[in-house]
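Novice: Just dropping this structure here.
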Amino acid sequence: MSKQYELNKELAQMLKGGVIMDVTTPEQARIAESAGACAVMALERIPADIRAAGGVSRMSDPKMIRGIQEAVSIPVMAKCRIGHFVEAQLLEAMEIDYIDESEVLSPADDVYHIDKTRFRAPFLCGARDLGEALRRIGEGASMIRTKGEPGTGDVVQAVRHMRRMNDDIAKISAMREDALFHEAKVLEVPYDLLKSVHEKKRLPVVNFAAGGVATPADAALMMQLGAEGVFVGSGIFKSGNPEKRANAIVKAVANYLDAAMIAHLSEDLGEAMVGINEDEIELLMAERGK
Amino acid sequence: MKIAVLAVQGAFLEHEKMLKSLGAEVMELRKAEDLLGDFDGLVLPGGESTVQGKLLRELNMFDPLKRRIEEGMPVLATCAGLILLAERISNGGERYFATLPVTVRRNAYGRQLGSFFAEEAVKGIGRFPMEFIRAPYVEQAGENVEVLGTVDGNIVAVRYQNQIGVAFHPELTAHDGMHRKFLEMC
């Protein structure tokens, strides 16, 4: 394992206990940073708008990403399409701090994910279960997030993916060691990664929650379910008072076990993102990139 | 001996694990009420200094902790923690406790692609593995600040009275020398 990969995993460790916010302009990035975001995800349109607009969605304009890099001192992440290794090369050339090979954008390759071991820049990927997570880690991802269902304001899928991950890890941890060879075959994952999960009873990299988080209580729910931090996308800048909501979500993640504090934080946040229920949506982004 | 670890954001669990392995008791600081507990030393972990500094203030832990540091409570501050302690930050941004008379440059090595690993001597400990992750370094150390280590001519570890500040992450390595040194002060 390369030293750079270790350093990339360690950057994810530094983000733990924090909130990473989607932003589309330098101004939003500054609002996110001053509200307490530990990193921002630069993208052209937030997932709710991508969903509304339809069509092909791609990596953002490098100029927009640069503007955001210049606006804040916290790490800046950006998304490329699944399998689009040239978009990833551009992001690496721009010294982006984390590349999200993301199902939120239209996939560029319906078979292969990017060979992330060829990059020095860190990658994070979405996963619905242990199999997807270990495949992405095998390809070189140094951070994982649940896929959830982006741009919906509905947390149900993020919850499902986090619970599924917990169940899968519990099952692998309890297995006899000699059963792991077969299980690696069933899950279609590298054996050594599966063995590491068996021994350490956790993923080999940091795992955040993402997709549909809209309230401080949603964020604390994901933390109590075992997320090590939270991505908030459309939930902030599609709400009535982005700054106040962002700030409340940051505090709720830092004190995710303190119900009294979270109740207080949840007062008067203005209109929450309206959202759509999962059975009302036509496009399931989480189905992309297994 | 009981050590309080600031646990509002960042890599605080890694510090807790290492402190426990050395026989210390550990408690987490997440809100003002947590400060009512008794503790003999304070750890400021790596993470994002802007987030930690903001939460320290808004969760009402800032003034009481600053007072305790000024009164001599031993502190081990790593990476973001070093920024929280620094009296001056050369490339802008807010100052926080400002109890350590040094000038620090934040993100001194650039973005994540500038992150690196080094192994250099630390005074009183010996060769030490150092992970620099979007790390700061000390541009200028005040008169009575003891320089504990440098990498490529830049100061990366200092001690001033009760405060140890390092730009790297001893909590991520297998080497417990820095935490031992800190516990000896407590």
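Novice: Just to be sure I understand, how many residues within segment A:205-248 are surrounded by fewer than 19 Cβ atoms within 10 Å (Cβ to Cβ) and part of a loop (DSSP other than H, G, I, E, B)?
Specialist: Total satisfying the criteria: 4.
Novice: OK, next. Could you grab me the full set of residues in segment A:188-197 that are touching a residue at least 12 places away in the same chain (Cβ under 8 Å), assigned to a helix (DSSP H, G or I) and surrounded by fewer than 19 Cβ atoms within 10 Å (Cβ to Cβ)?
Specialist: A:Lys195
To keep it simple, each residue is scored yes or no on (1) within 12 Å of another protein chain (Cβ to nearest Cβ); (2) of a type outside the set (Asp, Glu).
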| position | (1), (2) |
| --- | --- |
| B:Met1 | no, yes |
| B:Ala4 | no, yes |
| B:Glu28 | yes, no |
| B:Pro45 | yes, yes |
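Novice: Here's something else I'd like to know. Taking the condition of being open to solvent by 50 Å² or more (accessible area, probe 1.4 Å) and in a loop (DSSP other than H, G, I, E, B), how many residues in segment B:109-127 meet it?
Specialist: Residues meeting the conditions: 4.
Novice: Please enumerate the residues belonging to segment A:1-22 that are assigned to a loop (DSSP other than H, G, I, E, B) and either more than 15 Å from A:Val253 (Cα to Cα) or more than 7 Å from every other protein chain (Cβ to nearest Cβ) (or both).
Specialist: Residues of segment A:1-22 assigned to a loop (DSSP other than H, G, I, E, B): A:1-2, A:16-18.
Matches in segment A:1-22: A:Met1, A:Ser2.
Novice: Output yes when any residue across segment B:44-52 is modelled with pLDDT of 95 or more, open to solvent by less than 30 Å² (accessible area, probe 1.4 Å), farther than 28 Å from A:Ala246 by Cβ and aliphatic (A, V, I, L, M), and no when none is.
Specialist: No, because not a single residue in segment B:44-52 is modelled with pLDDT of 95 or more, open to solvent by less than 30 Å² (accessible area, probe 1.4 Å), farther than 28 Å from A:Ala246 by Cβ and aliphatic (A, V, I, L, M).
Novice: Suppose we keep only residues that are within 14 Å of another protein chain (Cβ to nearest Cβ) and crowded, with 24+ Cβ neighbours inside 10 Å within segment A:121-149. Which one would you say is nearest to A:Gly17 (Cα to Cα)?
Specialist: Per the criteria, the residue is A:Met143.
Novice: So for segment B:171-182 (the condition being surrounded by fewer than 22 Cβ atoms within 10 Å (Cβ to Cβ), of a type in the set (A, V, I, L, M), away from chain A (no Cβ under 14 Å) and more than 23 Å from A:Ile74 (Cα to Cα)), does at least one residue qualify?
Specialist: no
Novice: Return the pairs, sorted by first residue and then second, in which the second residue is in a loop (DSSP other than H, G, I, E, B) and surrounded by 15 or more Cβ atoms within 10 Å (Cβ to Cβ), the first residue lies in segment A:50-67 and is at positive phi, the beta carbons are less than 7 Å apart, and the residues are 6+ apart or on different chains.
Specialist: Note: no pairs meet the criteria.
Novice: Something else: Looking for something within 23 Å of A:Ile20 (Cβ to Cβ), touching a residue at least 60 places away in the same chain (Cβ under 8 Å) and open to solvent by 10 Å² or more (accessible area, probe 1.4 Å) - is there at least one such residue anywhere in segment B:29-37?
Specialist: No, segment B:29-37 contains no residue that is within 23 Å of A:Ile20 (Cβ to Cβ), touching a residue at least 60 places away in the same chain (Cβ under 8 Å) and open to solvent by 10 Å² or more (accessible area, probe 1.4 Å).
Novice: Quick one: A:Lys200 ticks every box in (1) more than 22 Å from A:Pro150 (Cα to Cα); (2) touching a residue at least 12 places away in the same chain (Cβ under 8 Å); (3) among the charged types (D, E, K, R); (4) within 13 Å of chain B (Cβ to nearest Cβ) except a single one, so which number is it?
Specialist: Of everything listed in (1) more than 22 Å from A:Pro150 (Cα to Cα); (2) touching a residue at least 12 places away in the same chain (Cβ under 8 Å); (3) among the charged types (D, E, K, R); (4) within 13 Å of chain B (Cβ to nearest Cβ), A:Lys200 misses just condition (2).
Novice: Which residues, taken from segment B:92-108, are open to solvent by 50 Å² or more (accessible area, probe 1.4 Å) and more than 11 Å from every other protein chain (Cβ to nearest Cβ)?
Specialist: Listed by number, the residues that qualify are B:Arg95, B:Arg105.
Novice: Of the residues that sit in segment B:128-160 and are within 14 Å of chain A (Cβ to nearest Cβ) and in a strand (DSSP E or B), which one is most open to solvent (accessible area, probe 1.4 Å)?
Specialist: Within segment B:128-160, the match that is most open to solvent (accessible area, probe 1.4 Å) is B:Pro129.
Novice: For segment A:55-114, name all the residues that are part of a helix (DSSP H, G or I) and either within 12 Å of A:Gly289 (Cβ to Cβ) or open to solvent by 40 Å² or more (accessible area, probe 1.4 Å) (or both).
Specialist: Result: A:Pro62, A:Lys63, A:Arg66, A:Glu70, A:Phe85, A:Val86, A:Gln89, A:Leu90, A:Glu92, A:Ala93.
Novice: Now for a different question. Considering only residues that are among the aliphatic types (A, V, I, L, M) and within 12 Å of chain A (Cβ to nearest Cβ), look in segment B:47-81 and name the one that is farthest from B:Gly177 (Cα to Cα).
Specialist: Going through the qualifying residues, I end up with B:Leu59.
Novice: Before we move on, is B:Ala98 within 16 Å of A:Glu10 (Cα to Cα) and either modelled with pLDDT of 95 or more or out of contact with any His (no Cβ under 8 Å at 6 or more places or on another chain) (or both)?
Specialist: no
Novice: Being among the charged types (D, E, K, R) and surrounded by fewer than 18 Cβ atoms within 10 Å (Cβ to Cβ) is the filter; apply it to segment A:23-35 and report the residue that is nearest to the other protein chains (Cβ to nearest Cβ).
Specialist: A:Arg30
Novice: Residue under question is A:Leu134, and the condition is that it be over 20 Å from A:Arg30 (Cα atoms) and modelled with pLDDT of 95 or more; does it hold? Give the steps one after another, and end with the answer.
Specialist: Numbers: over 20 Å from A:Arg30 (Cα atoms): yes; modelled with pLDDT of 95 or more: yes.
Against the criterion (over 20 Å from A:Arg30 (Cα atoms) and modelled with pLDDT of 95 or more), A:Leu134 qualifies.
Novice: Starting from residues that are part of a strand (DSSP E or B) and open to solvent by 40 Å² or more (accessible area, probe 1.4 Å), keep the ones in segment B:82-91 and report whichever is farthest from the other protein chains (Cβ to nearest Cβ).
Specialist: Checking each candidate, the answer is B:Glu87.
The values are calculated or read from the model by the stated rules, or taken from the named source; none is laboratory data. This structure is a prediction, so every number in the text was calculated from the model and none was measured. With ideal geometry, Cβ positions are generated from the backbone for all residues, glycine too; neighbour counts draw on all protein chains shown. Heavy atoms of the whole protein, side chains included, go into the accessibility calculation; ligands, DNA and RNA do not. Shrake-Rupley method; radii C 1.70, N 1.55, O 1.52, S 1.80 Å.
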